[in-house]
Every structure is written in C-alpha cells, then in structure tokens.
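The block underneath contains the structure these notes are about, expressed in structure tokens.
The values are calculated or read from the model by the stated rules, or taken from the named source; none is laboratory data. Here the structure is a predicted model, which is why all the values come from computation and not from measurement. Neighbour counts are summed over all protein chains in view; Cβ atoms, including those assigned to glycine, are modelled from backbone coordinates with ideal geometry.
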Amino acid sequence: MTTRCTECSATAANYKCPTCYARYCSVACCKLHKARECTPAELKESQKSPAPDSQHSNSKNGTQWAGPEETEDQVPEEKLAKLGESDSLRAVLWNRHLRAMMENLVNSEDPVSDMEAAMQEPIFVEFADECLKVVE
C-alpha cells in the first residue's frame, strides 16, 4: 500500500510530518509543507464533526476505540520498557517479512482492517504473542 505525497502527489510518500502527520516524499516537499500553516493532528480531529457517541470510530466497519487516557488496559511505561530488553522479541523481529508488515501498518490509511489482516499471518501472531508474554 503506497501513500501519495500531499504536496506533489508522488506515489511514494515515505515521510510524515510530526505535527499533522501529512505524508510527503522529499526534503523539498517537506519544506513546502512547513512553509504552509500546519495544524496539529489533535486539532484537526476536533475540528471535524464528532462521532455519534463522541469516541473515535472507523467508518468502514464501525469499530470504535477509546482515546489513550480513557482505556483501562493500557500497559504501564515500565512494562513497555521490557519490550526493548527482550531477547526473544528481538529474535522474532529479525524476520524481514514481519518488519515489512509492521512498516505497512504504520503507513496504513486503514489501520484497523490492515491490523485484522495482519493478525491472520502466523509471523505477526507470533510477534503479538511474544509482546504479550513480555508485558504480562
């Protein structure tokens, strides 16, 4: 899945604006983007009309999720730090196919459906299981 550059419409937009998450393909397009007024992503979301029940929602399949401050199964920072120290997790991440899948998820325009598809792949399930073992 390739994402188009918001500045020149090139097909390979490999970079994201850290402020508004707009996609761009080069340093030149980054400079063009920064020259314009850039609105933080949270403000853009609040400017849109709210979802019917004021939670985030995926319009394709109706999936809803709470914001980071609203969830009760949030993993504490100290447990998340263990992920970086896990040798077994590091071994799973040597798989280049898994890394490519994760990169596609990060750059996805529809992360919910792409995550559902990823969870059908054995290597991704192995990665998710390993993450859960480390943080539990």
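Take C30 and decide whether it is part of a loop (DSSP other than H, G, I, E, B) and modelled with pLDDT of 80 or more.
Details: part of a loop (DSSP other than H, G, I, E, B): no; modelled with pLDDT of 80 or more: yes.
No, not satisfied.
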>> Looking at segment 81-94, I want the residues that are on the phi > 0 side of the Ramachandran plot and free of Cβ contacts under 8 Å to residues at least 12 places away in the same chain and have a partner that is surrounded by 10 or more Cβ atoms within 10 Å (Cβ to Cβ) and aliphatic (A, V, I, L, M) with Cβ atoms under 6 Å, at least 6 apart or on another chain. Which pairs are those?
In response: none
> So, of the residues in segment 95-136 that are assigned to a loop (DSSP other than H, G, I, E, B) and touching a residue at least 60 places away in the same chain (Cβ under 8 Å), which turns out to be farthest from the chain's Cα centre (by Cα)?
Replying inline: E109
